[in-house]
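See structure below.
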Amino acid sequence: MLPRPGSKTRSQLWRVSDGNWLQRDDLLATEEPMEIRLLAGGERKTLSVTMRTPGSDFELAAGLLYSEGIIPDRHAIARISYFREPYLTEASRYNIVHVELVSNKLPELQSLERSSFTSSACGVCGKAGLESLERRDLRPLPPGPEIAQEVILALAAKLRAQ
């Protein structure tokens, strides 16, 4: 079983200092998609997919519901949990949050619908569900071109000149 993603991911990077290349470890902020689903009276509805740094998922979901006016206060929430189904991959285990409402029916969500959406983001936020991303059959890009060290070292001077 994979561990729950944290807010940081260990990575290796290259640093150039005085013309020398140094490799070192660093920590990067983790970013993963999270689908928020509402449950009430036996009904279930996906509210949103958003990118987030894992860690405070339940608080993020509750805060979104409150800030969007879907719930009046914290007492409208009966329970928040991760969605666990056998068909989910290990990597998806903590990316779907269920918010069960005290109400016996789902609230009106039409006010949240947008007729168009423009963003410079990666395209995950606002999707109807995580499954819509998986159906696109996206693969990682192959390794890019290699750039000579001299070119990289000369870039700062060229930028200053411009």
Subject >> With every protein chain in place, the stretch 1-113: carbon and sulfur % of accessible area (1.4 Å) >> reply: 48 percent
Original post:
Of the listed peptides 24-37, 93-106, what is their order by residue-averaged count of other C-beta atoms within 10 Å, with the highest listed first?
Top reply: 93-106, 24-37
Original post:
What whole-number value in cubic angstrom gives the convex hull volume per residue for the C-alpha atoms of the stretch 3-96?
Top reply: 133 Å³
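The values are calculated or read from the model by the stated rules, or taken from the named source; none is laboratory data. Quantities reported herein were computed from a predicted structural model and do not represent experimental measurements. Here the Cβ is made from the backbone with ideal geometry for all residues, glycine too, and neighbour counts use every protein chain on show. Just so you know, the surface numbers come from the protein's heavy atoms only, side chains and all, with ligands and any DNA or RNA stripped out. Shrake-Rupley method; radii C 1.70, N 1.55, O 1.52, S 1.80 Å.
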